[in-house]
C-alpha cells in the first residue's frame, strides 16, 4: 500500500496523475481481503451482525466490535472519520470499519473502512434518515456493500 501511495504522490507532484489504476484498486482489494483482524467501532450487536453479513458476501473475515466512547465524535467536523481514527488508535486491527454522521446534523451518514495507518480504503454515504427511512441495520448493510463493491467483486 505504501508503494502505491508513494507512486501516486510522485505522479501528482510531476503533473502526471491521470486517476486510479487497476493495480491500485487491486492493492486496496487485497488489503481488505487479506486483513486478519477487522473491527467495527460500535458496541451495537445488531450493527456488528449486519457488518459481518456483508463481509461474508465479499469473502472477508468477520469483524469484532470495538466498544469505544464515540459520543465525542459528534463534536468533530466528520464524525464517521473521527470514529474510524479512534478505532485505529485504540486497537491493533488491520482494518477498522466505522459508521457515523457525515458532517453537520442533517448531512446523512458515512461508512468508512480505514487501514491501520489511518488511510481511507473505501467509503459510502447515505442520505439523512428522514429521506431514506431504513432502519440502521439496513442502512449499514447498504453502505458497506456499496463501499466494498467499489473495490471488490461480491462472492454472494
Residues of the stretch 1-36 classified as within 15 Å of residue 60 (Cβ to Cβ) and assigned to a loop (DSSP other than H, G, I, E, B), total
3
For the stretch 71-87 the number of residues that are assigned to a loop (DSSP other than H, G, I, E, B) and either without any contact (Cβ under 8 Å) to a residue 24 or more places away in the chain or touching a helix residue (DSSP H, G or I) at 6+ places or on another chain (Cβ under 8 Å) (or both) is 1
If you scan the stretch 43-70, which residues turn out to be out of contact with any helix residue (DSSP H, G or I) (no Cβ under 9 Å at 6 or more places or on another chain) and either within 16 Å of residue 109 (Cβ to Cβ) or buried (at least 18 other Cβ atoms within 10 Å of the Cβ) (or both)?
48, 52
Can you pull out every residue in the stretch 115-147 that is free of Cβ contacts under 8 Å to residues at least 24 places away in the same chain and on the phi > 0 side of the Ramachandran plot?
133
Being surrounded by fewer than 19 Cβ atoms within 10 Å (Cβ to Cβ) and either at pLDDT below 95 or within 18 Å of residue 123 (Cβ to Cβ) (or both) is the filter here, so list the residues in the stretch 31-42 that pass it.
33
With respect to residue 61, determine if the residue is touching a residue at least 24 places away in the same chain (Cβ under 8 Å) and assigned to a loop (DSSP other than H, G, I, E, B).
yes
Those residues of the stretch 52-100 that are more than 18 Å from residue 151 (Cα to Cα) and out of contact with any strand residue (DSSP E or B) (no Cβ under 8 Å at 6 or more places or on another chain) come to a total of 11
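The values are calculated or read from the model by the stated rules, or taken from the named source; none is laboratory data. Since the model is a prediction, treat every value here as computed from it, not as a measurement. Cβ coordinates were reconstructed from backbone atoms using ideal geometry, including for glycine residues, and neighbour counts include every protein chain displayed.
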